[in-house]
Amino acid sequence: MKRHAMPPPSTPPLAPIAHPKPGPFPYRDWVAARSQIESALRQGPFYGLVIGGSGTGKTSLVRELSGSLDRHQYQLLYLSSPRISLISIVRFFALALRVSPKRSSLETIKSIADVIASQPARLVAWIDEATAIPVDTLVELRSLTEFSHEVPQIFSVVLAGPPELKTLLDNPALFPLRRRIGVRCTLEGLHRDELDAFLLHRFGSVDDKRLPQGLRDELFERARGIPALLDRAVRHALDRAGSGSVSSDHLREALDATAL
């Protein structure tokens, strides 16, 4: 597995963590994606792409960003709906920005653009599961983001989804949108040398010690380093083990039950 990087000999021992920590585990890809997006936000409106399979942390990333951004400087709108249309996007923006719907969508878009231009906070639209959005809607999305003739782009757009999203963006009709994407992030999961820290973070020192080092390679390989799958399998194995150590049978039963 290409992410099976073992820790170097000089790696210091991990500090004990008495209790599980709330919040997502900041693994390398996740931290890099957050840093890229935060940096882009400081520079002005942009188009971004976040690619990651289920369980890699796309949703936790947007939640963390939403919770950490200065509300006086940024307003993040999160959209996640199958078969979304431009009209529904316009209605959502109008509701979020307290814009009264006009007689036509074009007039409503004009009012939305005026509000966005006048407010001090920079708007960010995060569109999750973007593979479910029709190509026509993605094409039309630019009519909203680039409505003003005075500036190239009035707000930022981040498209998030599984690896199939890259294939969708290869559609010739989406070439103008694809070439505008300036921020590209990929969440592939943990590297092997992050597993021990992940387990400490998620389960705390007591339960971490119940999972022998000799079982961790198999756990990592079968869960493919995906945080949500690792979490699910380990919780199942710990439950099966009761208050004792996890055995190879416990782990394999948990992995099988998790369909890994």
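Every number here is computed from the coordinates shown, using simple stated rules; none is lab data. Quick caveat: nothing in here was measured; it's all calculated off a predicted structure. For neighbour counting, all protein chains shown are included, and Cβ atoms are generated from backbone atoms with ideal geometry for every residue, glycine included.
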Express the relative contact order of the chain as a whole percentage, based on alpha carbon pairs under 8 Å and six or more residues apart in sequence. 29 percent
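Show me the ranking of peptides 136-144, 236-244 by mean Cβ neighbours inside 10 Å, starting with the highest.
Most protected by this proxy first, the peptides run 136-144, 236-244.
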With angles folded into 0 to 90 degrees, how steeply does helix 135-145 sit against the dominant principal axis of the chain? Use alpha carbons for both and round to 10. 60 degrees
By a straight-distance test (C-alpha under 23 Å), which lysines pair with Lys209 as possible cross-link partners, with residues fewer than eight away in the same chain excluded? Lys21
Hey, what's the Cα Rg ratio for the chain versus the globular rule of thumb, 2.2 N^0.38 Å? 1.19
Quick one: which residues, 5+ away or cross-chain, put their amide H under 5 Å from the amide H of Leu123? H built at 1.01 Å from N. Gln75, Ser156
Output ³J(HN,Hα) for segment 72-77: one whole-Hz value per residue in order, computed from phi by the Karplus curve 6.51 cos²θ - 1.76 cosθ + 1.60 with θ = phi - 60°, and x for Gly and Pro. 7, 9, 9, 10, 9, 10
Run down the aspartates and glutamates and flag those whose C-alpha is under 12 Å from the C-alpha of Lys110, throwing out any fewer than 8 positions away in its chain. Glu146
Net charge within 13 Å of Leu159 by Cβ-Cβ distance, Lys/Arg positive one each and Asp/Glu negative one each, not counting Leu159 itself? +3
Taking the Cβ of Ser81 as the center, what net charge do the other residues with Cβ under 14 Å away carry, scoring Lys and Arg +1 and Asp and Glu -1? 0
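Taking only DSSP H segments of four or more residues, each worth -39500 (n - 2.57), what value at 222 nm results for the chain once the sum is divided by all its residues, to the nearest 500 deg cm²/dmol?
-14000 deg cm²/dmol
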Against the longest principal axis of the chain, how steep is helix 105-118, in degrees 0 to 90 to the nearest 10, with axes from Cα atoms? 70 degrees
If packing is taken as the mean number of other Cβ atoms within 10 Å per residue, what is the order of 68-77, 223-232, highest first? 223-232, 68-77
Other residues with Cβ under 11 Å from the Cβ of Val62 give, with Lys and Arg +1 and Asp and Glu -1, a net charge of +1
Place the peptides 186-193, 91-98 in order of packing, highest mean first, counting for every residue the other Cβ atoms within 10 Å and averaging per peptide. 186-193, 91-98
